[in-house]
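Below is one structure, written out as structure tokens, with a few remarks after it.
The values are calculated or read from the model by the stated rules, or taken from the named source; none is laboratory data. Being a predicted model, the structure only gives us computed values, none of them experimental. Heads up, the Cβs are rebuilt from the backbone with ideal geometry, glycines too, and the neighbour counts pull from every protein chain shown. Ligands, DNA and RNA are stripped out before the accessible areas are found, and what is left, the full protein with its side chains, is counted by its heavy atoms. Shrake-Rupley method; radii C 1.70, N 1.55, O 1.52, S 1.80 Å.
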Amino acid sequence: VSTGTYSGWYRFTMPAADVYVSAEFEPDGLPFVDVNPYQWFYDGVYYVWSEGLMVGVSNYYFNPGDSMTRAMFWTVLARIDGESITGPNWVSEARAWAMANGVSDGTDPYGKVTREQMVTMLWRYIGEPNGIASLSGYTDAGTVSGWAEEAMRWAIGRGVINGMTNTTLEPRGDATRAQCATIFMRYMKLA
């Protein structure tokens, strides 16, 4: 028996004896045309999508390189917490949840979330554990805001976030949807 695929077609070579063939087809991977298994963020995107934590910007696009807003980040954290935030009032619902849970002060919901904001909100969500890593190996460690330093030390030490390079953190750089998806996956696998 040999099988193979070619552009959605399936071939079957009939053996010399009678056989019964049955097939069940399931989607293989993500529905997004802009995410493929060879990209560094594929596992993160697949995880958040399959867990219902993040959705695409449309049925076929995830837009992994786009920035994530603060409200989007609050929404995913709320979903991790078991909340169902969706629909036309999702921004106000996510904002209210973030403020009630001490994750954020709720300002600037449409603003782009930075890498240090992302890490700090996640750190607050889990109860502000002690940071165990040193940031001294990063040439831009001095640009980490004081309010984010302990959170960044925690995230680096636990492997939740990596530097943008081996020597830079870019704490004030905008976090992309791909980066956030990966951070959420890493965090969820810690638990």
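So the values come out like this:
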{"item": "Test: residue in the range 172-179 that is part of a loop (DSSP other than H, G, I, E, B), under 27 Å from Asn63 (Cβ atoms), open to solvent by 20 Å² or more (accessible area, probe 1.4 Å) and among the β-branched types (Val, Ile, Thr)", "result": "no"}
{"item": "Subset of the range 143-166 (residues that are surrounded by fewer than 14 Cβ atoms within 10 Å (Cβ to Cβ) and either closer than 16 Å to Gly65 by Cα or at pLDDT below 95 (or both))", "result": "Gly159, Thr165, Asn166"}
{"item": "Where Thr182 falls short, out of the listed (1) open to solvent by 20 Å² or more (accessible area, probe 1.4 Å); (2) of a type in the set (Ser, Thr, Tyr); (3) touching a residue at least 40 places away in the same chain (Cβ under 8 Å)", "result": "(1)"}
{"item": "Condition check for Asn36: polar (S, T, N, Q), touching a residue at least 40 places away in the same chain (Cβ under 8 Å) and in contact with a helix residue (DSSP H, G or I) (Cβ under 7 Å, 6 or more places away or on another chain)", "result": "no"}
{"item": "Residue list for the range 55-69, filter: without any contact (Cβ under 8 Å) to a residue 60 or more places away in the chain, closer than 21 Å to Pro109 by Cβ and open to solvent by 50 Å² or more (accessible area, probe 1.4 Å)", "result": "Val55, Val57"}
{"item": "Index of the failed condition, Thr139 passing every other in (1) closer than 19 Å to Ala175 by Cβ; (2) among the polar types (S, T, N, Q); (3) more than 21 Å from the chain's Cα centre (by Cα)", "result": "(1)"}
